[in-house]
Amino acid sequence: MSAPVVLWDLDGTLLDPAGAITGGIARALAEHGYEVPQDLRRFVGPPVGFSLRAFTDVPEEQIPAVVATYRARYRTEGLAQTRVYPGVEDLLARLHRAGVRMAVATQKPEATAEHAVELFGLTRWFETVSGAADDLAVPVPAPVPGGGLAHDKPAIIGEALRRLGVDAPDPARTVMVGDRVYDAEGAAAHGIDCLGVAWGFAEEGELDRGFTAVARDAAELGELLARYTAPAPMGR
């Protein structure tokens, strides 16, 4: 029997941006003279370009400039505000010791996600980091033929599975962990469950949509993951 697989979202699940994303978006919009939306939590999860198109009045031709301003500050200031959520590192270590295979599947640009994972010492727990191509590309339908980077969560999860060599995920031994409905939808596209985390950036009622169960803290998440990662019973 193959090893269990756990896929992880990044911001709002593994890492607490602590205002780095919402504050960074607000500053970038203000610097370019655009109105700042009241609800900035919606910007945590999707690519920045998608959120600017969906939630602001920034003209299409100005989106690259706003994104560039945001990204430049995120690398120099935003990551300094970011922290790993309490208990997450211990949980990752326990899963790794138990032989669980793990990967990050995030809509953050892949190069930025890899940098964040390395910066916070999490690289040792993950076999790969699957992310978006960049902040500006238009989302493409999943699955992406032959793999490759994409913006939509189903394609990003599919790429993570492809890199792990998992052609047909076992729904009893494979699970996604995330904090936004995009994570649940992406997991469902591959026939696997998604566990939600209550400490992330879900809007009110969002965790009721498509998540198999929701953990209030890392200890409870570990208990929920045991359903997928516990050693298979020995045959007689």
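Pull up all non-local amide H partners of Asp16: gap of 5 or more, or a different chain, and H-to-H distance under 5 Å with H placed in the peptide plane.
So Asp16 has HN proximity to Arg83, Val84, Tyr85.
Over all pairs of distinct alpha carbons, what does the Kirkwood formula give as the hydrodynamic radius of the chain, in Å?
Final number for the Kirkwood radius of the chain is 18.0 Å.
Quick one: which of 22-29, 111-118, 86-93 comes out on top by average Cβ neighbours within 10 Å, and what's the full order, highest first?
Descending mean neighbour count gives 22-29, 111-118, 86-93.
Do the sum for the chain: with -39,500 (n - 2.57) for every DSSP H run of n ≥ 4, divided by all residues, what is the mean residue ellipticity at 222 nm, to the nearest 500 deg cm²/dmol?
Theoretical 222 nm ellipticity from helices: -10500 deg cm²/dmol.
Choose one answer from Gly19, Gly210, Gly121: the residue with the largest mean-square fluctuation in a GNM of the chain with alpha-carbon springs under 10 Å.
For the chain, modelled as a Gaussian network with Cα springs under 10 Å, the answer is Gly121.
In the neighborhood of Leu224, defined by Cβ-to-Cβ distances under 12 Å, what is the net charge if each Lys or Arg adds +1 and each Asp or Glu adds -1?
Numbers: positive: Arg216, Arg227; negative: Asp193, Asp217, Glu220, Glu223.
So the surrounding residues net to -2.
Explain nothing, just the number: relative contact order of the stretch 20-81, from Cα pairs under 8 Å at least 6 residues apart, as a whole percent.
46
Run the quick spin-label model on Arg209 and Arg41: label points 7 Å from Cα toward the beta carbon, then report their separation in nm to one decimal.
Placing both labels 7 Å beyond Cα along the Cβ direction yields 1.4 nm.
Using the 10 angstrom Cβ neighbour count as an exposure proxy, how do Phe211, Phe120 rank, fewest first?
Ordered by Cβ neighbours within 10 Å, fewest first: Phe120, Phe211.
For the chain, give the magnitude of the charge dipole about the Cα centre (Cβ charges: +1 Lys/Arg, -1 Asp/Glu; no others), in debye to the nearest 20.
740
For each of Glu61, Glu127, count neighbouring Cβ atoms within 10 Å of the residue's Cβ, then give the residues from fewest to most.
Going from sparsest to densest Cβ surroundings: Glu61, Glu127.
Only bridges whose two residues both fall in the chain count here: according to DSSP, what percent of them are antiparallel, nearest 5?
Roughly 10 percent of the DSSP beta bridges within the chain come out antiparallel.
Which of Met176, Met102 has the fewest other C-beta atoms within 10 Å, and how do the rest follow up to the most?
Met102, Met176
Just so you know, all these numbers are worked out from the coordinates, no wet-lab data involved. Owing to the predicted nature of the structure, the values given are computational and were not obtained by experimental measurement. We place every Cβ from the backbone using ideal geometry, glycine too, and count neighbours over all the protein chains shown.
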